[in-house]
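Peer 1: Let me begin by handing over the structure; questions about it come next.
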Amino acid sequence: MTKINLSIKTPAKIDYDGLKDQAQKVFDLLKKDDRYEFELNIICSNKMKELNRKFRQKNMSTTILTFVSRETKGFVDVPSKYEYLGEIFLCPMEIKRQAKVLEISTENYMTTLLVHGILHLLGYTHKTKKEMMVMENKEEELLKALKIHA
């Protein structure tokens with residue numbers, strides 16, 4: 001199994017086991033072996049705003065931030081059987097607010113964002129139109145397989 005380190009820093013009512021299960025299913029669907037590890041952080045709006053301001057120069061909260069870390073060799077001196085991918089930060093308060101605007105369920109939107117973040121961790125980007133199309137197609141494929149309608 002993929003090693004998912006869950007950190008909960010807000011009292012949101014979320015099915016955390018279900019969220020981790022969805023993340024594992026994404027890795028399974030992508031036929032990724034069990035050598036990956038990442039952090040899944042559930043945080044409040046204030047912390048998300050702080051991170052967004054610090055790393056993206058945007059003075060507002062957001063639903064998700066993903067930080068890819070492919071260069072851990074040399075920094076981590078504890079041997080591990082896992083390849084560390086990075087961190088995903090989700091903000092349930094912002095996700096709930098945005099899901100309401102989009103008229104979709106909070107759970108489905110959270111899974112949609114989780115899939116998006118995992119794809120970033122695995123190297124997908126949307127910097128160019130072509131990359132965006134590839135990533136969006138992969139997201140749609142995964143969400144359909146997970147039976148998520150966003």
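The values are calculated or read from the model by the stated rules, or taken from the named source; none is laboratory data. What you see is a predicted model; the values in this text were computed from it and never measured. Quick reminder, even Gly has a Cβ in these numbers, built from the backbone with ideal geometry, and neighbours come from all protein chains shown.
Peer 1: Restricting to region 10-27, and then to whatever is of a type in the set (D, E, K, R) and surrounded by 14 or more Cβ atoms within 10 Å (Cβ to Cβ), can you tell me which residue is nearest to Ser45 (Cα to Cα)? First the steps, then the outcome.
Peer 2: We begin by selecting, within region 10-27, every residue of a type in the set (D, E, K, R); these are 13, 15, 17, 20-21, 25.
Subsequent filtering for residues that are surrounded by 14 or more Cβ atoms within 10 Å (Cβ to Cβ) retains 20, 25.
Working: Lys20: 21, Lys25: 27 Å.
Among those residues, the one meeting the criterion is Lys20.
Peer 1: Looking at Lys147, Lys127, can you tell me which residue is in a loop (DSSP other than H, G, I, E, B), free of Cβ contacts under 8 Å to residues at least 40 places away in the same chain and under 22 Å from Met60 (Cα atoms)?
Peer 2: Working: Lys147 fails: under 22 Å from Met60 (Cα atoms).
Within the list Lys147, Lys127, the selection yields Lys127.
Peer 1: Right, something else. If a residue counts only when it is within 18 Å of Leu142 (Cα to Cα) and in contact (Cβ under 8 Å) with a residue 40 or more places away in the chain, which helices (runs of 4 or more DSSP H) contained entirely in region 1-114 have at least 1 such residues?
Peer 2: On the way: elements: 16-29, 45-56, 92-102.
Filter on region 1-114 gives 16-29.
Peer 1: Test Thr66 against the stated conditions and say whether it is at pLDDT 85 or above and not charged (D, E, K, R).
Peer 2: Details: at pLDDT 85 or above: yes; not charged (D, E, K, R): yes.
In short, yes.
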